[in-house]
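Here's the structure we're looking at; comments come further down.
The values are calculated or read from the model by the stated rules, or taken from the named source; none is laboratory data. The model shown is predicted, which means the values in this text are computed figures rather than measured ones. Cβ coordinates were reconstructed from backbone atoms using ideal geometry, including for glycine residues, and neighbour counts include every protein chain displayed. Ligands, DNA and RNA are excluded from the accessible area calculation, which covers all protein heavy atoms including side chains. Shrake-Rupley method; radii C 1.70, N 1.55, O 1.52, S 1.80 Å.
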Amino acid sequence: MEREDYTDPQCPFCTDLFKKNIKRIPTDRVISKLDEYFGKNDYNGAKKHLLYWLKDAKAEGDLNGEFTIRNELMGLYRKIGEIDNALKETSAVLNLIKTMENENSISAATAYLNAGTVYKAADNPQKSIEYFDLAKRIYEKDLDKNDSRLAGLYNNMALTLTALKDFERAREYYERAIAIMKNHKNGLLDCAISYLNMADTEEAEFGLEKAEEKINSLLEKAIDALDSEENKRNGYYAFVCEKCASAFGYYGYFAYENELKERARKIYEGA
């Protein structure tokens, strides 16, 4: 999940926040602790952690803090399959954006991106692409062209475009995402995810048999990216290994599937 301080100098609410002496929750510490839970694959702990601080933010009237926490909950609920809760948080976040009069900020764009991923998970790709387009308009205007947040957006847009059977545009956005992440330190893991997603796009358009050669080529690129010594063997590496393992198993790479699961296990257990 992309993270940032959601205080925006262009946001009228953010300016008024300090005038009203509202006590803010310690979002930096909240996110740091959240990363610890994710690093241990402890989603239940992460959920309890976020719900505790959401209650505190609401009690203090800290809309910025509430906005931050609800954004994280959107992604967490989606990740653990609680789609109804993810949709509820999405609705709450979109309402907060209007309340804070912050619709054209980068923080709003990040929320639109999160909303798009939730709607995709809820089998509503048309709604998903609408929010991705909102995020894209802001990101491309206000971010550097090599910003990793753009890569994350492009990869997610491509997934939705595949679901909408717009395969050529899906490939275009996967390539854009990979071009950005190749230039980032530790970006190879995200490249691996995009290569696997591209394999799924090839299958969706042509079928397994006709796309076999292209799929295998993309899988080999993903393996090279995952096996690179440039990758730090940390919690995110474990998460990506776990996420990618089933894709390799689906395409018959069973030994490598098991290898990735074992890598993730060792990291989570501190072996």
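Is the shape of the range 126-184 rounded, prolate or oblate, going by the alpha carbon gyration tensor and its root eigenvalues a ≥ b ≥ c, with a/c under 1.5 for rounded and a/b larger than b/c for prolate? Mind showing how you got there, number by number?
Working: a/c = 2.65, a/b = 1.31, b/c = 2.03.
It is oblate, given that a/c is not under 1.5 and a/b is not larger than b/c.
Can you give me the solvent accessible area of LYS214 with a 1.4 Å probe, rounded to the nearest 10 Å²?
Around 100 Å² of this residue is reachable by solvent.
Let me make sure I get this right: for the chain, a, b and c are the square roots of the gyration tensor eigenvalues over alpha carbons, sorted descending. Under 1.5 in a/c it's rounded, otherwise prolate if a/b > b/c, else oblate. Which is it? Mind dumping the intermediate values first?
Values: a/c = 2.06, a/b = 1.52, b/c = 1.35.
Verdict is prolate for the chain.
For the range 100-223, with the dipole built from +1 on Lys and Arg beta-carbon atoms and -1 on Asp and Glu ones, taken about the Cα centre, which of PHE167, PHE206, ILE180 lies farthest toward the positive end?
ILE180
Take the alpha carbon atoms of the range 126-146, find their center, do the same for the range 216-240, and report the distance between the two centers in whole angstrom.
So the separation of the two Cα centres works out to 27 Å.
Excluding ligands and nucleic acids, what accessible area in Å² is computed for GLU82 using a 1.4 Å probe, to the nearest 10?
The accessible area comes out at roughly 50 Å².
Quick one: how many Å² of LYS48 are accessible to a 1.4 Å probe, rounded to 10?
About 130 Å², rounded to the nearest 10.
Ranked from the most accessible area to the least, with a 1.4 Å probe and all protein chains present, what is the order of PHE254, PHE239? It would help to have the intermediate numbers written out before the result.
Working: PHE254 125, PHE239 50 Å².
Final ranking, largest accessible area leading: PHE254, PHE239.
Given +1 on the Cβ of Lys and Arg, -1 on the Cβ of Asp and Glu, and no further charges, what dipole in debye does the chain carry about its Cα centre, rounded to the nearest 20? Don't skip to the end; give the middle numbers.
Numbers: 40 positive and 48 negative charges, 184 e Å.
Charge dipole, the chain, about its Cα centre: 880 debye, nearest 20.
Treating only the Cβ atoms of Lys and Arg (+1) and Asp and Glu (-1) as charged, compute the dipole magnitude of the range 32-191 about its Cα centre; round to the nearest 20 debye. Before the final figure, lay out each step's value.
Details: 24 positive and 25 negative charges, 61 e Å.
Result for the range 32-191 is approximately 300 debye, rounded to the nearest 20.
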